[in-house]
Amino acid sequence: MSFVGKPVERVEDEDLLSARTRFVGALSFDNMLHMHVVRSPHPHACLNAIGVDRAKSVSGVVAIFTGSDTRELAPIGFRRVVEPELSLYQQPVLALDRLRYVGEPVAIIIATDPRIAEDAAELVTLDVECLPPVSNAVAPGPDDGLGLHVQEAAGIDKSYGDIAAAFEAAAHRFSISCEIARQTAVPMETRGALAVPHGDASGFDFYGAAKVVHANRAELARILCLDPNRVVLREGHVGGGFGVRGELYPEDVLVAFAALRLQRAVRWIEDRREHFLATNHSRGQVVMLDAAVDHNGVILGLTADIVADQGAYLRTHEIKVADLSCAFLPGPYRIPAYRAQASVRLTNKTPCGTYRAPGRFEATFAMERMMDTISRVLKIDPIQVRRRNLIPASEMPFDRDLTAAGKKVRYDSGDYGLTLDKAVRAFDFEGMRKSAADRRAAGEHVGVGLAMFVEKSGVALRETASLCLSSDGSVELVTGASSLGQGLETVLSQIAADSVGLDMSDFKVVRGQTDRISQSGGTFGSRATIMAGSAVHAAGQLFRQAIIKRAAELFDAAPEAVHLQDGRLEIAGQPVDLSRLHMGNGDNAPALKIETTFDAENVSYPYGVHIAQVSVDPDTLQVRAERYCIAYDIGRAVNPDLVKGQLVGGAVQGIGGALFEEITYSNDGYPHTTGLSTYAIPKMADIPAFDVLVLEDWPSPTNPLGLKGAGEGGINAAGAAVAAAVEDAFSSQLTPYRLPMTAPYLFKLKTANERRRRQLDNLSD
Amino acid sequence: MTTEQMSGHISFKLNGREQIVSVDTRTSLADELREQCGMASVRVGCAQGECGTCTILLDGMPIRACLLLAVQADGAHVQTAEALSSPDMLARIKRAFKKHKALQCGYCTPGFLVLVDYILRRALPLDEARHVLSSNLCRCTGYEPIVSAVADLLSSRGDELGELQ
């Protein structure tokens, strides 16, 4: 019996459906205290003094800490090594003498009850001198009136090929400017952290951990000057991640700091308003593209100029998102000459980090808008123009001649044209277009758009897993990877069952506990199934051999007489319970345990096609996604249903990003978007009908199972596909270059169009 | 603002059992249920009535427990996703959610279970069911598998009702 490749039910679901859950908000310890964070109400100010005396006198308040207490703590560092001068822009865990965004932590109140802490916060006074804020990352125009320059934290410059020659040789030149608004992930569980100090003050247990527990352990230990082995991160259930959850934030350090100082457990649970001010934002890019194109629509050269609105500080991901935009903008297209420059600029807003398909959602939107622009102007079919630019399968593996976050980009395998053909056929793209055209002829605004993309998956190329036989005959599978809800336990159990020869139900998965395994890269960048899965696969093969060897020794049999298959252990035809192997020949026998580390040779690159069909209300200009199709080559799907779940879930998030999601600030730096009524995420009524084609045409050569990642392929091209569909819905009379395509944005485009047309009419009169 | 809070006792039925609990007048029903009554299914996603994660049944009607004060539940029958309206209903809905993989992280799931219970008891047609389900937010699944689970439950309603009688 094989489990890999089957859409088996999830092992997580019984606990989740029965509320046998360990979300951090439901955990509590004896004598536990509660933290409330006092946050800056100002976008930009000098902080002269903080008045805490009245708040301290509130009954139930145990302690108040401000920047003067935490001044010695190093700011949270970057996870990769970058230019040292970037550390200038790291965020202190509590503001020192300057406030740089609304929501910046200024003080923490520790009390016996969270409500008391929140009440006391109202009594804290801030003596400040307000400064003019920078609220626009794109250089302010002459009538901005503030006289400010926008501070560039870093510039990025990547290129290959002869750009000047490409533009000289080109028959056509296309310039577009695309904008992607600030957005954020909005997991349904807000963040939370709970630190329980060890009795001797040498360390603490930290609950509410997620995503990258080993990296966060090292960083917490560094900041708090502790032995990393005395800092134990414990992941329970996590209510969604999408990139933002599980990064190390000031509040995580502060909870641990307070717990160590007070020698009591301290818990902090973010509320939703705080979440919109405190948790990483993302996107927020302007991408200007200039393409040199021949008369067949083939791109000879492309330049990209990107401005990223980073917010007030560089957090754990420093300038990586803009770097990824630069690296992955060419996507599946050959583009013989390319140059990308990015400017990462600081503004008085919440700092940005990664959000599902970081840098790629933005880059794919811009690249695919360029493809549709070329198609429209040169009157070449959108499928044709793409086909002419695709990297052919014969050139795989394909060296991109670029680096992404410091590593060379080398597409491992694939046939982009084949997937395009399959998508066009399977979803009857021509039929969809014809039916949309018929409906347009009948007066409706209906359109169909297509977008292609390449994703990256399996970054951080090392992962460890262990398998250990328990006394009851079950096998404990330990991974340091994290489950943010995607079904990691299920997938790892499937892989383990096949490689050992046992049943999925024989495995008990332990994840995200730093004291249980020595190493893990964590869960991000669509890596968990590939990396933790490959480590489990390798451990499983060794574990199988170890079982057979132990059984042969114990029962005095030849190894060939031992059969382990389909969850049954047989020795010379007689079934033997696995639990009998637990202690072997006596109490001194070593435990049957295998721990092994898998190193991948490279990142793998899944890819695919999105097709969106939308209708637009002619009066309100509200866009409705009617149908959405995804073809995605994942190399090998461990659980096709879970892959589909990732793709559909990601696509709906992407449709939200394409149509409504936007974090806005007033011109003077105050956030407008502080809740789910002002930041609209898709509801069930907003979703289209889905068709998903999970393809396994090109297994990845980077790992033994041929795996590529599923996490981000659903969102990557959603902005691009929906924009193409909106353009088609208006018969290309209206060409959106901005996300989200809200009704006010489309109204602006429409009125500008109408004005232009009137002017033309007047001229011809 | 004073931190001296009024408090007192209320009694209500929780998943069929009488409860007498002490409450602060300012405590929300959601906080009371999860902190004092140990209902792990009651989770707060926004505390502003927008996400529906904390949805429970109050006298059979789905409501957002974060928008009600605990004192307002005095004398009411509260049912949470731990029990729903009956053990059979709970088992059926759980089965359908597993089969259709209608949950990922599971944080918002209890709120959806409560809505589905209501939908099945009212035997709402699927389009009305979608309307009801649109009151809760999920960020993982994209909703499609939840719709499939509910469609499956609604279409099998007749047979299973027979079973229950």
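The values are calculated or read from the model by the stated rules, or taken from the named source; none is laboratory data. All values reported here derive from a predicted model rather than from experimental measurement. No Cβ is skipped: glycine too gets one built from the backbone with ideal geometry, and neighbour counts run over all protein chains shown.
Taking region B:83-94, which residues are more than 9 Å from every other protein chain (Cβ to nearest Cβ), in a helix (DSSP H, G or I) and either buried (at least 22 other Cβ atoms within 10 Å of the Cβ) or basic (Lys, Arg) (or both)? Even if it seems obvious, please write down each step before you answer.
Applying the first criterion (more than 9 Å from every other protein chain (Cβ to nearest Cβ)) to region B:83-94 yields B:83-89, B:91-92.
Add one more test, that the residue is in a helix (DSSP H, G or I), and what stays is B:87-89, B:91-92.
Correct list: B:ARG92 only.
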- Mind checking which residues of region A:93-118 are closer than 18 Å to A:VAL253 by Cα, crowded, with 16+ Cβ neighbours inside 10 Å and in contact with a Leu (Cβ under 8 Å, 6 or more places away or on another chain)? A:VAL93, A:LEU94, A:ALA95, A:GLY103, A:PRO105, A:VAL106, A:ALA107, A:ILE108, A:ILE110, A:ALA111
- Item | Qualifying positions in region A:630-651 - touching a residue at least 60 places away in the same chain (Cβ under 8 Å), within 13 Å of chain B (Cβ to nearest Cβ) and not in a loop (DSSP other than H, G, I, E, B) | A:ILE630, A:PRO640, A:ASP641, A:LEU642, A:VAL643, A:GLY645, A:GLN646, A:LEU647, A:VAL648, A:GLY649, A:GLY650, A:ALA651
- Output for Cβ contacts, cut-off 8 Å, separation at least six or different chains, first residue at pLDDT 95 or above in region A:64-78, second assigned to a loop (DSSP other than H, G, I, E, B) and of a type in the set (Lys, Arg), reads A:ILE76/A:ARG315
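Is region A:610-619 home to any residue that is closer than 22 Å to A:LYS422 by Cα, touching a residue at least 24 places away in the same chain (Cβ under 8 Å), away from chain B (no Cβ under 13 Å) and among the polar types (S, T, N, Q)? Break it down into steps so the answer makes sense when it comes.
Residues of region A:610-619 closer than 22 Å to A:LYS422 by Cα: A:610-614.
Still in the list and also touching a residue at least 24 places away in the same chain (Cβ under 8 Å): A:610-614.
Restricting the remaining residues to those that are away from chain B (no Cβ under 13 Å) gives A:610-614.
Still in the running and among the polar types (S, T, N, Q): A:613.
Yes, the conditions are met somewhere in region A:610-619.
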- Message: Would you confirm whether or not region A:16-33 contains a residue that is within 14 Å of chain B (Cβ to nearest Cβ), among the charged types (D, E, K, R), crowded, with 17+ Cβ neighbours inside 10 Å and closer than 30 Å to A:GLY533 by Cβ?
- Response: no
- Message: Just checking, does region A:368-377 include any residue being at positive phi, surrounded by fewer than 24 Cβ atoms within 10 Å (Cβ to Cβ) and either free of Cβ contacts under 8 Å to residues at least 24 places away in the same chain or assigned to a helix (DSSP H, G or I) (or both)?
- Response: no
- Identity of the residue in region A:151-198, touching a Lys or Arg at 6+ places or on another chain (Cβ under 6 Å) and acidic (Asp, Glu), that ends up farthest from the other protein chains (Cβ to nearest Cβ): A:GLU152
- Does any residue of region A:659-668 turn out to be surrounded by fewer than 19 Cβ atoms within 10 Å (Cβ to Cβ), more than 14 Å from every other protein chain (Cβ to nearest Cβ) and farther than 20 Å from A:PRO744 by Cβ? yes
- With the condition kept exactly as written, say whether any residue in region A:278-294 is of a type in the set (Val, Ile, Thr), modelled with pLDDT of 95 or more, closer than 28 Å to A:PHE361 by Cα and not in a strand (DSSP E or B). yes
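Quick one: which residue in A:GLY103, A:GLY77, A:GLY60, A:GLY67 is on the phi > 0 side of the Ramachandran plot and away from every other protein chain (no Cβ under 14 Å)? Explain how you work it out, then say what you get.
Values: A:GLY77 fails: on the phi > 0 side of the Ramachandran plot; A:GLY60 fails: away from every other protein chain (no Cβ under 14 Å); A:GLY67 fails: on the phi > 0 side of the Ramachandran plot.
None of the other options fit; the residue is A:GLY103.
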- For region A:384-394, what are the residues that are in a helix (DSSP H, G or I), surrounded by fewer than 19 Cβ atoms within 10 Å (Cβ to Cβ) and in contact (Cβ under 8 Å) with a residue 12 or more places away in the chain? A:GLN384, A:ARG387, A:ARG388, A:ALA393
- Which condition does A:LEU676 not pass, out of (1) facing chain B (nearest Cβ under 9 Å); (2) under 23 Å from A:PHE276 (Cβ atoms); (3) part of a helix (DSSP H, G or I), if it passes all the others? (3)
- Message: Exactly one condition in (1) crowded, with 16+ Cβ neighbours inside 10 Å; (2) more than 9 Å from every other protein chain (Cβ to nearest Cβ); (3) among the acidic types (Asp, Glu) is false for B:GLU144; which is it?
- Response: (2)
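Mind checking which residues of region B:97-120 are in a loop (DSSP other than H, G, I, E, B) and closer than 23 Å to B:VAL78 by Cα?
Selection gives B:GLY106, B:TYR107, B:CYS108.
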- Only one of A:SER482, A:SER466, A:SER505 is over 19 Å from A:ALA637 (Cβ atoms), assigned to a loop (DSSP other than H, G, I, E, B) and hydroxyl-bearing (Ser, Thr, Tyr), namely A:SER482
- Query: Which one of these does A:GLU626 not meet: (1) surrounded by 24 or more Cβ atoms within 10 Å (Cβ to Cβ); (2) more than 9 Å from chain B (Cβ to nearest Cβ)?
  - Reply: (1)
- Task: Please state which of the following conditions A:SER483 fails to meet, knowing it meets all the rest: (1) crowded, with 24+ Cβ neighbours inside 10 Å; (2) at positive phi.
- Result: (2)
- Message: Tell me whether region A:207-226 contains one or more residues that are assigned to a helix (DSSP H, G or I), of a type in the set (Asp, Glu) and in contact (Cβ under 8 Å) with a residue 12 or more places away in the chain.
- Response: yes
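Please give the strands (runs of 3 or more DSSP E) falling wholly within region B:1-64 in which 2 or more residues are under 23 Å from A:ALA19 (Cβ atoms) and touching a residue at least 60 places away in the same chain (Cβ under 8 Å).
Working: elements: B:7-14, B:17-24, B:55-58, B:61-64.
The qualifying strands (runs of 3 or more DSSP E) are B:7-14, B:55-58.
Condition check: buried (at least 22 other Cβ atoms within 10 Å of the Cβ) and more than 9 Å from every other protein chain (Cβ to nearest Cβ). Does A:GLU696 satisfy that?
On the way: buried (at least 22 other Cβ atoms within 10 Å of the Cβ): no; more than 9 Å from every other protein chain (Cβ to nearest Cβ): yes.
No.
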- Item | Search result, residues across region B:107-132 that are within 9 Å of chain A (Cβ to nearest Cβ), under 17 Å from A:VAL648 (Cβ atoms) and either buried (at least 24 other Cβ atoms within 10 Å of the Cβ) or of a type in the set (Asp, Glu) (or both) | B:CYS108, B:THR109
- Name the residue, out of A:GLU553, A:GLU560, A:GLU601, A:GLU595, that is free of Cβ contacts under 8 Å to residues at least 24 places away in the same chain and either within 27 Å of the chain's Cα centre (by Cα) or over 19 Å from A:SER2 (Cβ atoms) (or both). A:GLU560
- Query: Taking interchain pairs and intrachain pairs at least six residues apart, which have beta carbon atoms under 9 angstrom, with the first residue in region B:127-140 and free of Cβ contacts under 8 Å to residues at least 12 places away in the same chain and the second not in a loop (DSSP other than H, G, I, E, B)?
  - Reply: B:GLU128/B:ILE119; B:GLU128/B:ARG122; B:HIS131/A:MET684; B:HIS131/A:ALA685; B:SER134/A:MET684; B:SER134/A:ALA685; B:SER134/A:ASP686
- Task: Could you check, for region B:39-55, whether at least one of its residues is touching a helix residue (DSSP H, G or I) at 6+ places or on another chain (Cβ under 6 Å) and away from chain A (no Cβ under 14 Å)?
- Result: no
- Note on the structure: Given the conditions (1) more than 30 Å from B:LEU115 (Cα to Cα); (2) at pLDDT 95 or above; (3) hydroxyl-bearing (Ser, Thr, Tyr); (4) surrounded by fewer than 21 Cβ atoms within 10 Å (Cβ to Cβ), every one holds for A:THR702 apart from (4)
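Considering only region A:398-412, state which residues are in contact (Cβ under 8 Å) with a residue 60 or more places away in the chain and at negative phi.
Taking region A:398-412 first, the residues in contact (Cβ under 8 Å) with a residue 60 or more places away in the chain are A:400-407, A:409-412.
Answer for region A:398-412, where residues must be in contact (Cβ under 8 Å) with a residue 60 or more places away in the chain and at negative phi: A:ARG400, A:LEU402, A:THR403, A:ALA404, A:LYS407, A:VAL409, A:ARG410, A:TYR411, A:ASP412.
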